[in-house]
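Report on one structure; see the data block that follows.
The values are calculated or read from the model by the stated rules, or taken from the named source; none is laboratory data. Keep in mind that what you see is a predicted model, and the values were worked out from it rather than measured. Cβ sites come from the backbone with ideal geometry, for glycine too, and all protein chains shown count toward neighbours.
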Amino acid sequence: MPLNARGLHYWQLKLHALGLLVLGRSAGAEQVFDTMLARFPGDAYALASRAHLRAQRGAREAAVADAQALVAAHPQRSAADWFNLAFLLEEADRLEEAEGAFRRAVELDPKLDRAWYGLGLTLIRRQRFDEAVVALKRNTELQPMSPYGWYQLARVHVDRHEPDEARRIIRHLKGFEPKVAAQLERETGLAVQES
């Protein structure tokens, strides 16, 4: 097939898949992505899209396989590809692999705050609290007004028997997320007086 005809065929398939998605016909779109990958093996768009659809319908292992194929074929394309793979792996309790994928994501994009957060959660689950603190601190530097990283960081400090650090975070959260601060006080038993 000449290059122009090949490109035209690719775009026809892509637009067909997009149309099906707009109409809420995910199964049909997934079939189009199957066709795209049969004709254009390793295509990043088709692999990423099919992985997403498979994850949505609960076909976790198939989604992981597509995400792994995507980063294998295009390892430098996007930190988001690695993040998505890591998220699926973490969800499947494949923590060692998830950690590696989160680390690759932050290596490609050191400002990808959600990857730092995911790495922190994975390290917590692996009970590697010192490393989790580093990842969660980086997340809070990148997203200082998001309570999620702060919440997890306070919990890690409690697990590490560092109540003063946890109290400092609770005090900080009271300034912009009082409900999260109150939740932490209840969960940890650490009452914090406002300064």
(message) If I go through the stretch 182-195 residue by residue, how many of them are more than 25 Å from the chain's Cα centre (by Cα) and within 20 Å of GLU141 (Cβ to Cβ)?
(response) 0
(message) Let me confirm something: among ALA166, ALA101, ALA69, ALA86, which residue is of a type in the set (A, V, I, L, M), touching a residue at least 12 places away in the same chain (Cβ under 8 Å), surrounded by fewer than 20 Cβ atoms within 10 Å (Cβ to Cβ) and assigned to a helix (DSSP H, G or I)?
(response) ALA69
(message) Contact list please: Cβ distance under 7 Å, first residue in the stretch 35-62 and under 16 Å from ARG25 (Cβ atoms) and in a helix (DSSP H, G or I), second residue among the aromatic types (Phe, Trp, Tyr) and at pLDDT 95 or above, pairs at least six apart or on different chains.
(response) SER49/PHE33; ARG50/PHE33
(request) Exactly one condition in (1) outside any loop (DSSP other than H, G, I, E, B); (2) over 11 Å from the mean Cα position of the chain (by Cα); (3) within 25 Å of GLU165 (Cα to Cα) is not met by LYS111; state its number. (result) (1)
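Is there a residue being surrounded by fewer than 18 Cβ atoms within 10 Å (Cβ to Cβ) and over 26 Å from ALA79 (Cα atoms) anywhere in the stretch 134-146? Walk me through it before giving the result.
Taking the stretch 134-146 first, the residues surrounded by fewer than 18 Cβ atoms within 10 Å (Cβ to Cβ) are 134, 137, 141-146.
With the extra rule that they be over 26 Å from ALA79 (Cα atoms), the set shrinks to none.
No, the stretch 134-146 contains no residue that is surrounded by fewer than 18 Cβ atoms within 10 Å (Cβ to Cβ) and over 26 Å from ALA79 (Cα atoms).
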(message) The conditions are (1) closer than 30 Å to ALA80 by Cβ; (2) assigned to a helix (DSSP H, G or I); (3) acidic (Asp, Glu), and ASP93 fails exactly one of them. Which is it?
(response) (2)
